[in-house]
């Protein structure tokens, strides 16, 4: 009971810090993340004791209740928060640092070809946006942001912003990204940037071609 009370206090602090929709401390009990992480703590203890079937049964019960599937073998640090959370999947060998935020539909999964450590390692103060997929035994560095819908299959350096399919680093060491400033939407649009670059180059080529034609007419 004491452990549950302490856990509840921690979760109230975490959720209030990251979700302005929370108006009352009592709302903590309505958050799927709160329920999923409590089940995870219990199943993780069973997993560490080698009671793998019991651990999986508990984790699957949590998945049915919350829509969040956390394998009991995953390692999760302090201050973890899943906003909304439906469709989140966290694989067995995933390692998550402190103060990490995930949004709905995020997958921290394997590629299906690896053995041993086959899921991602997520650093501290990382934000992974809606629908993003981080796959394989890769590392996402501290203070990084993964854009919505991105598919990340390579290591991400610390203090980076990644967007796209496959994910590309579009910002790095430019500015530290503290956890309090994490934002899903203030991310670069790399597709539009590429289109703008191609348009600019096309305009240059058209101008060069026009100049050549003028010279030939002289």
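Any chance you could count how many residues in region 96-147 are free of Cβ contacts under 8 Å to residues at least 40 places away in the same chain, under 16 Å from residue 158 (Cα atoms) and not in a loop (DSSP other than H, G, I, E, B)? Total meeting the criteria: 8. When region 7-40 is limited to residues that are free of Cβ contacts under 8 Å to residues at least 12 places away in the same chain and within 20 Å of the chain's Cα centre (by Cα), the one that is nearest to residue 79 (Cα to Cα) turns out to be 16.
Determine, yes or no, whether residue 79 is assigned to a loop (DSSP other than H, G, I, E, B), touching a residue at least 60 places away in the same chain (Cβ under 8 Å) and buried (at least 18 other Cβ atoms within 10 Å of the Cβ). Considered against the rule, which asks whether it is assigned to a loop (DSSP other than H, G, I, E, B), touching a residue at least 60 places away in the same chain (Cβ under 8 Å) and buried (at least 18 other Cβ atoms within 10 Å of the Cβ), residue 79 comes out as yes.
Each value in this text was obtained by applying a stated rule to the coordinates, not by laboratory testing. Predicted model, so just to flag it, every value in this text is computed and none were measured. Methodologically, a virtual Cβ is constructed for each residue, glycine included, from the backbone with ideal geometry; neighbour enumeration extends over all protein chains shown.
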